[in-house]
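Asks: Sending over a structure as structure tokens; questions will come in a sec.
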Amino acid sequence: MASASSTSARSLFIESKLRLADRVQVNVNNIASLARQIQRGSKSNEMLTHAARNFAQQEHGLETMKSDLKKLELIVIHLKYQIDTIDKSLVMLEEVTEQVRSMQR
């Protein structure tokens, strides 16, 4: 009877030892899964930070381009004024040239 009891106790001990090992393995797998999720989460946070930084740089670049375009617009306006002045001077030069020719005749 004592041997049946010790065999039963031994099998219970082995069985509980196996269940404990299974539970430990499940917990290790769960921790690994959690670690992967945390790592993915931190990478997505890094990606969001990187995207926000790039967006801010793009925004600054766009503001710079806008400023440059306004400067170019002013330059175009001034060039148009200069072209108009040159055209007027050209017309006057042609008139003066005709007057000089008529005086030479």
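Asks: Picking from 57, 24, 34, whose Cα lies most toward the positive end of the charge dipole for the chain (charges on Cβ: Lys, Arg +1; Asp, Glu -1)?
Replies: Toward the positive end, the furthest listed residue is 24.
Asks: What's the local net charge at residue 88, with K and R +1, D and E -1, over the other residues with C-beta under 14 Å away?
Replies: Surrounding charge for residue 88 is -3.
Asks: Using only the alpha carbon atoms of region 1-63, find the Kirkwood hydrodynamic radius as the inverse mean reciprocal pair distance, in angstroms to one decimal. Provide the component values of the computation, followed by the final result.
Replies: Working: mean 1/r = 0.0613 Å⁻¹.
For region 1-63, inverting the mean 1/r across all distinct Cα pairs yields 16.3 Å.
Asks: Evaluate the Debye formula for region 55-105 with equal point scatterers sitting on the alpha carbons, no solvent, and hand back log10 of I(q)/I(0) at q = 0.28 Å⁻¹, in q order, two decimals.
Replies: With no solvent term, the Cα-only Debye profile gives -0.93.
Asks: Report the rotationally averaged projected area of the chain based on its alpha-carbon convex hull, in square nanometres.
Replies: Averaged projected hull area, Cα only: 10.2 nm².
Asks: Taking only protein heavy atoms into account and a 1.4 Å probe, give the accessible area per residue of region 1-100 in Å². Each step should come with its number before you reach the end.
Replies: Working: 9350 Å² over 100 residues.
Heavy-atom SASA per residue in region 1-100 reads 93 Å².
Asks: Still on this structure, I have one more. With all protein chains present, how much of the accessible area of the chain (probe radius 1.4 Å) comes from carbon and sulfur, to the nearest whole percent?
Replies: Values: 6270 of 10070 Å².
In the chain, the share of accessible area belonging to carbon and sulfur is 62 percent.
Asks: A further question follows. Can you spot the lysines whose alpha carbon is less than 17 Å from residue 80's alpha carbon? Ignore those fewer than 8 places along the same chain.
Replies: Within reach: 70, 71, 88.
The values are calculated or read from the model by the stated rules, or taken from the named source; none is laboratory data. These numbers were taken from a predicted model, which means no experiment stands behind them. With ideal geometry, Cβ positions are generated from the backbone for all residues, glycine too; neighbour counts draw on all protein chains shown. Just so you know, the surface numbers come from the protein's heavy atoms only, side chains and all, with ligands and any DNA or RNA stripped out. Shrake-Rupley method; radii C 1.70, N 1.55, O 1.52, S 1.80 Å.
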